[in-house]
Each structure stands twice: as C-alpha cells, then as structure tokens.
C-alpha cells in the first residue's frame, strides 16, 4: 500500500486571490496562491452523495451497524448534550489537503447573525459549552459578537483555530481578545517539525504557527496556571492511524519546548476521515481500499463511548442539524427536527444516531473525536 505524504497550500495574504485560475499545485505554491477547493473545481467529490457512493463501493468485511451489533451497542444513542458545536462557515485562509470541510479562500458559506441568535436560544436551554469551528471561524464577520454572547451566558467557549489566521493583520489582536474572554484555543499543528507541518498544511505554515503560539504563551496560554487553555491537534499525514495520544503528547511537549520554546496544555490526535479532500487523496493515491479496511480491522468497541455524536449537537452554517461534524459534511441529517429553529432536547436524547462507513474512523484504535482519543 502506498503511504504518500499529504501536501497542502496556504494563502498568505487573506482572501484577495480566492478562487482564481486552475494552476497546478507546484505553480500555485511558488506564486503564493491557494489551491482551489473541490467546490471551486467542480470536482466529482464536491458532492456529498458522490463521496458516500465512493466510500460505500469499497469491499469491506462488515458494515458499521453490524460492528455495533456484535458489540451490543446498537442502536447508537446519545448521552447528555455537553457540547454545542457551531460550524460558522467554510471560508478559510488555508486549503489543506486533508480537510473534511473542503474549506478555503474560495468558499462563501457563512453563518448569519440570525442563525447565531437561534443557536444562542438553544444554548440558553441547555448546560452545554460552545465549540466554534469552520473553515477558519474567525473569518465570520460576527465571530467576536458570538463569542461575547456565549460568554455572557456563562458558557465555556472553544475556538478551533488554524493559528495562521492570527498572523494576518485583520486578526492580529485576536489573541488578546481570546485571553480577555478566557476562550480555549484548540489549534491545528500537524507536527513539531516544519517539514511535516508544511507538507500537510502549506509552505510557511509552521513558521507562522510557531510565531502565534509564542504570542499565546506570552499571554499565559499553555502555562498551566492562568486558566487559559491551549490544545494542539494533530492529524496523520498519510493513510494510517495516529500513534498513541499520550506518547505523542509527551514527545511534542518535550520537542516543542526544546526546539521552539513553546508550551501547551494538551495534544489531541484525530484520525483522518475518508471524506472530502482526504477522500479524494485516498482515491488518487491508491490508498482508499486499504485505508478503509484498516479502519474496519481496528474497530474498538471501547472507543464508542466517547465519540462526539453522543454528547454533541453539530450545527451547520445554515442552521441545519447533524449528529456530528462529519455527518454534516456528508449531508446526513439528524433524526427529528433538522434545523436549529426546531431543536427539541428530549427528541435529541431519544433519537438513533445516524451512522455510515466513515464512523469506523472515529472508533478505530484508540478512537477519535473532537476531544482526541476516546479509549
């Protein structure tokens, strides 16, 4: 099986050249432009239906419901609603090849304030914390207002940040804003080495990320005493499962401090889902069948308890409701009311969680969720 490393690009200067042209990847990198997303290329796998069709075409030993039945875990049910995850848009300053959202500078989807207000009404009826994601969520024009409103309700707020957005002039003051509102920063950093990070996320991403991490450290993030929590997230750069999370965290803590003087509170490992641009890479590189089979073979019943669909409500940029962020991208709606305006907590608790083959990714090995390993 091939294990080619993923490669990615980033747009250095905001959104100025979003969506232009159809240059090859090497030429785009040399000229500092972003690669177009699947949607901008009108690629076959821009369609959620096409993604599901491709994923379901792979011969597998068993289906996900059968794996749950064999473990006595079918149907999959919710626990309590602990996290309200809001995908506030698909606009991003980066175009990473593993991105399951197909986010990028050429996307235009963005959650309106009206939809955010509906989300806040749901939040007020629960005890959930708030997980804000994207794209680069900071590019939503109402992002700061949303954070302020969530904090006014007394809720803990997490921002899923790609770090490089905080290195752009329009967002350079966000670290101080985050510190003022005690926002937990959950940020992507594929590796503590520049070469590995830049291969996955784009040339120059590592240098910018380290610069931002040092700024966050200077504000008290990651020191273990200030209450300002800094979490790193790593995805494998290839067709394999992440190493054990505890081992990775210890290694990264040592190496980032030694090499870059950077501190953080925790590291989460997340398995790449066979969705969107990562699915395209799997197919193109000849890794799809082998990767899917690997996920099935690594199914771990103990990992099911902590998967995000059991305690998280995922809200799309348009207010549509899903069991998880991955179902959102595959357009697999939740059972019951399908828009945030009609959300009912008791219906949510009683529903059967919608599953498909990609769910093997969250239950393989040590498990994978927005909070990292689950088992």
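The table below lists the values:
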{"read-out": "Enumeration of residues in the stretch 333-350 that are within 17 Å of residue 307 (Cα to Cα), touching a residue at least 40 places away in the same chain (Cβ under 8 Å) and buried (at least 17 other Cβ atoms within 10 Å of the Cβ)", "value": "348"}
{"read-out": "Failed condition for residue 317, given (1) in contact with a helix residue (DSSP H, G or I) (Cβ under 6 Å, 6 or more places away or on another chain); (2) modelled with pLDDT of 95 or more; (3) surrounded by 17 or more Cβ atoms within 10 Å (Cβ to Cβ)", "value": "(1)"}
{"read-out": "Hits in the stretch 100-138 - residues which are surrounded by 19 or more Cβ atoms within 10 Å (Cβ to Cβ), free of Cβ contacts under 8 Å to residues at least 60 places away in the same chain and within 28 Å of residue 43 (Cα to Cα)", "value": "132, 134, 135, 136, 137, 138"}
{"read-out": "Selection count, the stretch 62-81, where residues are within 30 Å of residue 154 (Cβ to Cβ) and crowded, with 16+ Cβ neighbours inside 10 Å", "value": "2"}
{"read-out": "Residue check for residue 190: modelled with pLDDT of 95 or more, surrounded by 20 or more Cβ atoms within 10 Å (Cβ to Cβ) and in contact with a helix residue (DSSP H, G or I) (Cβ under 6 Å, 6 or more places away or on another chain)", "value": "no"}
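The rows are residues; the columns are (1) over 15 Å from residue 188 (Cβ atoms); (2) assigned to a helix (DSSP H, G or I); (3) touching a helix residue (DSSP H, G or I) at 6+ places or on another chain (Cβ under 8 Å).
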| site | (1), (2), (3) |
| --- | --- |
| 232 | no, no, yes |
| 238 | yes, no, no |
| 241 | yes, no, yes |
| 246 | yes, yes, no |
| 279 | yes, yes, yes |
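Yes/no per residue for (1) at pLDDT 95 or above; (2) within 18 Å of the chain's Cα centre (by Cα); (3) more than 23 Å from residue 241 (Cβ to Cβ):
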| residue | (1), (2), (3) |
| --- | --- |
| 290 | yes, no, no |
| 293 | yes, no, no |
| 301 | yes, no, no |
| 306 | no, yes, no |
| 310 | yes, yes, no |
| 313 | yes, yes, yes |
| 329 | yes, yes, no |
| 339 | yes, no, yes |
| 358 | yes, yes, no |
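The values are calculated or read from the model by the stated rules, or taken from the named source; none is laboratory data. Because the structure is predicted, anything quoted here is derived from the model rather than measured. Virtual Cβ from ideal backbone geometry, glycine too; neighbours counted across all protein chains shown.
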